[in-house]
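Written out below as C-alpha cells is the structure these notes cover.
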Amino acid sequence: MNVENGNPVSYWLNLNKEKTAKLNDFIGSEIKLAWTGNINCINCGKSIRKTYGQGFCYDCFRDSPSAAPCIVRPEICEAHLGKGRDPEWEEKHHNQPHKVYLAQTSSIKVGVTRSTQIPTRWIDQGAWRAIVIAETPYRALAGKLEVELKQYISDRTDWRKMLIDDRGDENITEMIDDLCAFLPEDLAKYCVEKDLMTFKYPVSNYPAKVKSIKLEDVKEIKEKLTGIRGQYLYFNESNVINLRKYSGYEVELTT
C-alpha cells in the first residue's frame, strides 16, 4: 500500500500499474479480497509458486540488489566503497544520506532508513510517534550506529501490541540524550536534534485482541473493513491481515 501522512494517514492499494484504490473510503463498508492463486515476482514479473523475502522469486532474492543482505543488516553495506550486487543501484539507494530513528509502536525501537523514506517508513511500521536521532552520509555508517544502540534498545516491533494500540509508558524524547551518550565519539558526532512526529491511523475502534488472517488458507476475505494501520487491514475490528506479506500475489478487490 502507498501512504500519505495526514489526519488520519491515507492509504492507497495498488491494483495494477495504472490504477489504485483509496482504502480509507471503504472503511465501515464490506469489501472482498480474493486471491486468484497467481503469484508473480515483484522484481522480474515471472510466475512463481512461492515468494522469498517480500515478493521475490528465488533467483531475484539471490541476485537482486533490492533483496541484498544489507537491506536487513545495513552495517554490512558496501555502497560507499563502490561495491554491491549492482553498484549503480547501490549508489542511488544506499550511498545516500540515511537516518537513525526511534519509533514508538508500543515499546520504542531503533531503526535505519534512507532520508527520503521519512515519514513513510514510520507509517509502514504503524508507529504512533517517531523521531530522528542521527543523520549519516551513507547506509553502512547508519547501520553501525544502529548496532551500537541495539545493545540498549530493541530493533523489533511487537505487531500485536501495535494493532491494539498498546502505547506503553516510555518517554521517547527522554531516551535520546541517554542513547547518544552510549555511543563512541566517532559515531556520537552524527546525533542531531529533530522534532517529534505523531501519527493518527484510520481505525474505527481498536480491539482488545487481534487474529491474523492467512490469505493462502482462506483464499477470500469478505468482511467489513474497520481500519488500517502500518501495512495491516482490520476486518470486523479484530481480524487483521498484513498485506505486505502478500507482495506479488494477484488479488481481486470488490467493493
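Where a number appears in this text, it was derived from the coordinates with a stated rule and is not lab data. Just so we're clear, the structure is a prediction, and the values are computed from it rather than from any experiment. Here Cβ is always computed from backbone atoms with ideal geometry, including for glycine, and neighbour counts include all displayed protein chains.
Out of the range 1-93, which GluC sites (Glu not before Pro) are coil in DSSP terms and have no more than 10 other C-beta atoms within 10 Å?
Sites meeting the loop and neighbour criteria: 18.
Taking +1 at the Cβ of each Lys and Arg and -1 at the Cβ of each Asp and Glu, which of 168, 60, 137 sits farthest along the dipole of the chain towards its positive end, judged by Cα position relative to the Cα centre?
Checking the options against the dipole of the chain, the answer is 60.
When the helices in the chain are scored as -39500 (n - 2.57) per DSSP H run of 4 or longer and the sum is shared across all residues, what 222 nm value do you end up with, to the nearest 500 deg cm²/dmol?
Theoretical 222 nm ellipticity from helices: -5000 deg cm²/dmol.
Grab the Cα-Cα distance for residue 63 and residue 120, subtract it from 0.36 nm times how many residues apart they are, and report the gain in nm with one decimal.
That pair, residue 63 and residue 120, stretches by 17.9 nm at full extension.
Using alpha-carbon pairs under 8 Å, 6+ residues apart, how would you state the relative contact order of the chain in percent?
27
Considering the options 228, 103, 154, tell which one lies farthest towards the positive end of the dipole of the range 2-254, charges being +1 on Lys and Arg and -1 on Asp and Glu at the Cβ, about the Cα centre.
228
Contour minus end-to-end for residue 150 and residue 244, with contour as 0.36 nm per residue of separation and end-to-end as the Cα-Cα distance?
Length gained, residue 150 through residue 244: 31.3 nm.
How large is the charge dipole for the chain, taken about the Cα centre, if only the Cβ atoms of Lys, Arg (+1) and Asp, Glu (-1) carry charge, to the nearest 20 debye?
The dipole of the chain has a size of about 860 debye.
Whole-Hz ³J(HN,Hα) for each residue in the range 61-67, computed from phi via Karplus 6.51 cos²θ - 1.76 cosθ + 1.60 with θ = phi - 60°, x for glycine and proline: what do you get?
Per residue, the Karplus-derived 3J(HN,Hα) values read 4, 7, 10, 6, x, 7, 10 Hz.
What is the set of long-range amide H partners of residue 158 at a cut-off below 5 Å, with H atoms built 1.01 Å from backbone N?
Amide H neighbours of residue 158, under 5 Å, 5+ apart: 106, 107.
What is the Cα centroid distance between the range 189-255 and the range 70-101, reported in whole angstrom?
29
Under 5 Å between amide H atoms, partner at least 5 residues away or on a different chain: which partners does residue 247 have, H built in plane at 1.01 Å?
For residue 247, no residues qualify.
Looking at the range 97-169, which chymotrypsin sites (Phe, Trp or Tyr not before Pro) are in a loop (DSSP not H, G, I, E or B) and have at most 16 other Cβ atoms within 10 Å?
Taking the range 97-169 and a limit of 16 other Cβ atoms within 10 Å, the loop chymotrypsin sites (Phe, Trp or Tyr not before Pro) found are 152.
Given labels modelled 7 Å from the Cα in the Cβ direction, how far is it in nm from residue 178 to residue 192?
So the label points at residue 178 and residue 192 sit 2.5 nm apart.
For a quick check, take a GNM of the chain with Cα springs below 10 Å and name the residue from 87, 69, 184 with the largest mean-square fluctuation.
For the chain, modelled as a Gaussian network with Cα springs under 10 Å, the answer is 184.
Spelling out what I want: for every residue of the range 91-105, take phi, set θ = phi - 60°, compute 6.51 cos²θ - 1.76 cosθ + 1.60 (Karplus), and round to whole Hz; glycine and proline get x.
So the J values, rounded to whole Hz, are 4, 6, 9, 10, 8, 9, x, 10, 10, 9, 9, 10, 10, 10, 9.
State, to one decimal in nm, how far the label point of residue 32 lies from the label point of residue 166, with both points 7 Å from Cα in the Cβ direction.
3.6
Whole-Hz ³J(HN,Hα) for each residue in the range 137-144, computed from phi via Karplus 6.51 cos²θ - 1.76 cosθ + 1.60 with θ = phi - 60°, x for glycine and proline: what do you get?
Listing the rounded values in order: x, 8, 5, 4, 5, 5, x, 5 Hz.
If you stretched the chain out fully between residue 88 and residue 224, how much longer would it get, using 0.36 nm times the residue separation minus the C-alpha to C-alpha distance?
Gain on stretching residue 88 to residue 224: 44.5 nm.
Could you tell me the center-to-center distance, by alpha carbons, between the range 117-175 and the range 1-63 in angstrom?
24
Going by C-beta contacts inside 10 Å, put 233, 179 in order with the fewest on the left.
Starting with the residue having the fewest Cβ neighbours, the order is 179, 233.
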